[in-house]
Amino acid sequence: MNHSYLEIFAQHESLRQTFDYLQSQREAISELLEKENPQEIVFVACGSSYWGSLSAAVTLEDKLGIRCFTAASGDVLLNKAYYKKRFKKPLIIAPSRSGSTTETVEAIKLLKETYHCPVLSIVEYENSPLSQLSELCLYLPWCNETSVCQTRSFSSLYMTQLILASIWASDAVLLDEIERYIQNAPNMMQANESALQHIASKKWDHVVALGNGPLHGVACEGALIMLEMAQVPVSFYNTLELRHGPMVNVNANTLVVLFSSGIDGQRLEEDLAQDCRNKGAEVVAVGQAGAFPQQDNTFSPAQPVQPDLIGLLGSFVTQGLAYYKAVSTGVNPDSPQGLSPWIQIGTP
């Protein structure tokens, strides 16, 4: 059995460990925000961690009313002058599986030197350079994978950012929904596995991922895991942007994965999904129960949740699809050719 199989379909175990650990860190997490009183919160990350942060920033800004930004670590290094004057009094959140990726470590050094700002890091490798630059490091070693691609590690990193929002905003409802998702996850993942395998076996050969609001970033990550693990071409857009040009490439060989916020305009999302299906595409919709009644492939949480939790479910769905597509096409899901678990480059 491939390592990535258990890392995806048994990820509820690492989610539970992460949830329990973060409850033990509640006081330290709360004190950091109270002590620093930042004017803005800035997520700095690369790769999968960047896409998860893009979603988490929307959630955090909505919950706290503090301006939140997401910066790709490499963009900071390539545009130093801009980033040296972009912020006022930031708190940096730096999620990184390895804690050693060159761009992130160097970007954090630059921002700390410029703003003398605190850093909260979320890492999974012990004694990482990033942890040594941090005022608070949340260390999640049980989430790390044997395989190369981020699956359960991404889910826990993203969930950690949601829990930060729930703690800082005293949002007990969000925290309860997260715990309920974890409780339901073993049955949910087992119940949906055969459907994911069946969808992956179909003839589609490229993927379009769609999301909006707090789901845009995690939808982009859903596309990335399909690209990395299954090595199929992908594209990703803000949901309704698909009609503004990219729809021309939607056809009978397309898998469209739509992360539905279910807040405003759900009918618009449903209409778009149907338009894609009318063009022959295979459509997978991840949203609240009862949504997308005209679609065959829908995945929903057991109970109504805030949109942010749809992102956690959608991440599992795309990971499962990527795994089974890789297996069906003869790609090694544990170690796709040309990938490394973390990136080291020369410092600028």
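Could you please find all residues in region 68-82 being under 27 Å from Gly211 (Cα atoms) and either in a helix (DSSP H, G or I) or out of contact with any Phe, Trp or Tyr (no Cβ under 9 Å at 6 or more places or on another chain) (or both)?
Within region 68-82, Ser73, Gly74, Asp75, Val76 meet the criteria.
How about region 83-117: which of its residues are under 19 Å from Ile66 (Cβ atoms) and either in a strand (DSSP E or B) or touching a Lys or Arg at 6+ places or on another chain (Cβ under 8 Å) (or both)?
Of everything in region 83-117, those that are under 19 Å from Ile66 (Cβ atoms) and either in a strand (DSSP E or B) or touching a Lys or Arg at 6+ places or on another chain (Cβ under 8 Å) (or both) turn out to be Pro90, Leu91, Ile92, Ile93, Ala94, Pro95, Tyr115, Cys117.
Which of the residues spanning region 113-147 are modelled with pLDDT under 95 and among the aliphatic types (A, V, I, L, M)?
Selection gives nothing.
Rundown of residues vs (1) part of a helix (DSSP H, G or I); (2) modelled with pLDDT of 95 or more; (3) of a type outside the set (A, V, I, L, M, F, W, C), yes/no style:
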position	(1), (2), (3)
Ala185	yes, yes, no
Asn192	yes, yes, yes
Leu196	yes, yes, no
Ile199	yes, yes, no
Val207	no, yes, no
Ala219	yes, yes, no
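Evaluate the following for Glu135: is it farther than 29 Å from Leu272 by Cα, in contact with a strand residue (DSSP E or B) (Cβ under 8 Å, 6 or more places away or on another chain) and either buried (at least 22 other Cβ atoms within 10 Å of the Cβ) or among the small types (Gly, Ala, Ser) (or both)?
no
Which one is modelled with the highest pLDDT, of the residues in region 148-171 that are buried (at least 24 other Cβ atoms within 10 Å of the Cβ) and outside any helix (DSSP H, G or I)?
That would be Thr151.
Return the pairs, sorted by first residue and then second, in which the second residue is modelled with pLDDT under 95 and buried (at least 20 other Cβ atoms within 10 Å of the Cβ), the first residue lies in region 198-227 and is more than 9 Å from Leu255 (Cβ to Cβ) and of a type in the set (Gly, Ala, Ser), the beta carbons are less than 7 Å apart, and the residues are 6+ apart or on different chains.
From region 198-227, the pairs are Gly213/Ser261; Gly213/Pro307.
Does region 285-292 contain any residue that is at pLDDT 95 or above, in a strand (DSSP E or B) and surrounded by fewer than 23 Cβ atoms within 10 Å (Cβ to Cβ)?
No, region 285-292 contains no residue that is at pLDDT 95 or above, in a strand (DSSP E or B) and surrounded by fewer than 23 Cβ atoms within 10 Å (Cβ to Cβ).
Give the residues of region 30-59 that are part of a helix (DSSP H, G or I) and more than 20 Å from Ser153 (Cβ to Cβ), sorted by residue number.
Correct list: Ser30, Glu31, Leu32, Leu33, Glu34, Lys35, Glu36, Val58.
Filter region 248-284 for residues that are of a type in the set (Lys, Arg) and either crowded, with 19+ Cβ neighbours inside 10 Å or at pLDDT 95 or above (or both) and give the result.
Answer for region 248-284, where residues must be of a type in the set (Lys, Arg) and either crowded, with 19+ Cβ neighbours inside 10 Å or at pLDDT 95 or above (or both): Arg277, Lys279.
Among the residues of region 118-142, count how many are in a loop (DSSP other than H, G, I, E, B), of a type in the set (S, T, N, Q) and closer than 16 Å to Ser53 by Cβ.
Qualifying residue count for the region: 1.
For region 253-268, give me each residue that is without any contact (Cβ under 8 Å) to a residue 40 or more places away in the chain and either in contact with a helix residue (DSSP H, G or I) (Cβ under 7 Å, 6 or more places away or on another chain) or not in a helix (DSSP H, G or I) (or both).
Within region 253-268, Asp264, Gly265, Leu268 qualify.
Of (1) crowded, with 24+ Cβ neighbours inside 10 Å; (2) hydroxyl-bearing (Ser, Thr, Tyr); (3) more than 21 Å from Leu210 (Cα to Cα), Ser55 satisfies all except one. Which?
(3)
The values are calculated or read from the model by the stated rules, or taken from the named source; none is laboratory data. Since the structure is predicted, the reported quantities are computational estimates derived from the model, not experimental observations. Cβ sites come from the backbone with ideal geometry, for glycine too, and all protein chains shown count toward neighbours.
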